[in-house]
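Reviewing the structure listed below.
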Amino acid sequence: MICYIELNMQFKDIIGQENVKQHLRDMYAHHRIPHATMLLGGEGSGALALGIAFAQYINCTGDKSGGDSCGQCPSCQKYQKLVHPDLHSIFPVIKKDDSTTSDTYIAEWREMVSNTPYFNLTQWTNAMGGNKQATIMRSDAVAIHQKLSMKPYEAQYQVLLMWKPELMNEVAANRILKILEEPPSNTLFILVSESSAEILPTILSRTQMLKVPPIAEDDITAFIQQRYKMPETDARRIAHISNGNLINTLQIIGEAQEAKDNLDFFIKIMRCCYARKVPEMMQISEDTNKNLSREQIKNRLTYSLRMLRENFIMNLNQPELNYMTPEEETFSQKFSRFVHLNNVIPMSELINEAIAHVEQNGNVRIIIMDLLLRMTVHLKAERPE
């Protein structure tokens, strides 16, 4: 799961990492920008966001007196959409044929980074629509050699941004090495890596490495509080579990939101089924069809199966066998008496049947409406003596 946190590709929007930001500013201010910079940081540290923000800052043509790109000039606006003609991106891709390069997936890359520059390789692979191994191939190195042979179109520098250079195959690595050994004029290389041990030592030796540490717990806590309006104790607990990895943070928050949505769905369908409110059933089936993917619908229904079980166990007065959150338990304390031996099995069978029909690409609107109508009968079933 990916939680979207759109950024403007400026230093001020990057969570924490103030020391790294200042180091990058100092390199620019003192005219000490190396031709190749390696940002080495673990997953979720924000190294990719820093690399893009640094490139935008360098080529910004507006007011940079505040230590950041202006965000308003034509250059910044193009960088924010990753469409600047002097920004070239290389990243691992799934091979379609021998001509596959990063440009093959440039639309997906721009959408991914625009949604959030905090993502991992698995999430990126899913965004490309496959589960095969992603690699930086020889075809990319050849294409980049051709692009960099030309002078910058608009900016002072053309920038080659490479994400996860450790995934270059040997042929690509050797060709990139040649470019680094004889870099074109007015060209900067920004490599963003999570593992320097997997990169050719000869490539490492031609870059200036800047380590990006895990994000400080205080910075993640502040981010959570500000963005999600969460109490400090809850925010700090999530920040601590995240261990400096903002991807972990976003996944934890996303899972919490998904759990809330699942519970809201279960409560809504149970209440309208018990009250036999057909117009509400129609609205639920319409909203489900319109707003949720089939995978999300299956998750909602699978969750409803679990909640039926939990309510049945609660009705049997077996608290040691119950596994519910406080929010789930609050609802179930009143609802559980309606889930008993006379209806728990047929209601579970109805939900399993609905899941199967969703998997078989059935009409979602009809599947959900049918489920709710048939569920009303069982919810009114008499309790056993």
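The values are calculated or read from the model by the stated rules, or taken from the named source; none is laboratory data. Fair warning: this is a prediction, and the values are worked out from it, not measured in the lab. Glycine gets a Cβ as well: all are built from the backbone with ideal geometry, and neighbour counts include every protein chain shown. Ligands, DNA and RNA are stripped out before the accessible areas are found, and what is left, the full protein with its side chains, is counted by its heavy atoms. Shrake-Rupley method; radii C 1.70, N 1.55, O 1.52, S 1.80 Å.
Condition first: within 19 Å of residue 216 (Cβ to Cβ) and either touching an Asp or Glu at 6+ places or on another chain (Cβ under 7 Å) or touching a residue at least 24 places away in the same chain (Cβ under 8 Å) (or both). Can you find one or more residues in the stretch 28-37 that meet it? Let's see the steps before the verdict.
In the first step, residues of the stretch 28-37 are kept if they are within 19 Å of residue 216 (Cβ to Cβ); the result is none.
The answer is no, given that none of the residues of the stretch 28-37 is within 19 Å of residue 216 (Cβ to Cβ) and either touching an Asp or Glu at 6+ places or on another chain (Cβ under 7 Å) or touching a residue at least 24 places away in the same chain (Cβ under 8 Å) (or both).
Being in contact with a Lys or Arg (Cβ under 9 Å, 6 or more places away or on another chain) and small (Gly, Ala, Ser) is the filter; apply it to the stretch 8-47 and report the residue that is farthest from residue 242 (Cα to Cα).
36
Could you please give the count of residues in the stretch 337-364 that are assigned to a helix (DSSP H, G or I) and more than 36 Å from the chain's Cα centre (by Cα)? Quick ask: steps written out before the conclusion?
As a first pass, look at the stretch 337-364 and keep what is assigned to a helix (DSSP H, G or I): 337-338, 344-359, 364.
Going one step further and asking which of them are more than 36 Å from the chain's Cα centre (by Cα), we end up with 337-338, 344-346.
Result for the stretch 337-364: 5.
Hey, residue 211 hits all of (1) modelled with pLDDT under 90; (2) surrounded by fewer than 17 Cβ atoms within 10 Å (Cβ to Cβ); (3) not aliphatic (A, V, I, L, M) but one; which does it fall short on?
The number of the failed condition is (1).
How do the helices (runs of 4 or more DSSP H) wholly within the stretch 106-197 filter down when requiring 2 or more residues that are closer than 29 Å to residue 242 by Cα: which remain? Walk me through it before giving the result.
Numbers: elements: 106-115, 121-127, 138-148, 170-181.
Because the criterion is at least 2 residues that are closer than 29 Å to residue 242 by Cα, the helices (runs of 4 or more DSSP H) in the stretch 106-197 that meet it are 106-115, 121-127.
Matching residues to (1) under 22 Å from the mean Cα position of the chain (by Cα); (2) touching a residue at least 24 places away in the same chain (Cβ under 8 Å):
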| site | (1), (2) |
| --- | --- |
| 100 | no, yes |
| 122 | yes, no |
| 135 | yes, yes |
| 139 | no, yes |
| 150 | no, no |
| 160 | no, yes |
| 163 | yes, yes |
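If a residue must be more than 19 Å from residue 384 (Cα to Cα) and in contact with a helix residue (DSSP H, G or I) (Cβ under 8 Å, 6 or more places away or on another chain), how many such residues does the stretch 300-328 contain? Give the steps one after another, and end with the answer.
First, pick out the residues of the stretch 300-328 that are more than 19 Å from residue 384 (Cα to Cα): 300-307, 319-328.
Narrowing further to those that are in contact with a helix residue (DSSP H, G or I) (Cβ under 8 Å, 6 or more places away or on another chain): 300-305, 307, 321-325, 327-328.
Number of matching residues: 14.
Say we look at the stretch 23-43 and pick out the residues that are open to solvent by 10 Å² or more (accessible area, probe 1.4 Å) and in contact with a helix residue (DSSP H, G or I) (Cβ under 7 Å, 6 or more places away or on another chain); which of these is modelled with the highest pLDDT?
In this case the residue turns out to be 40.
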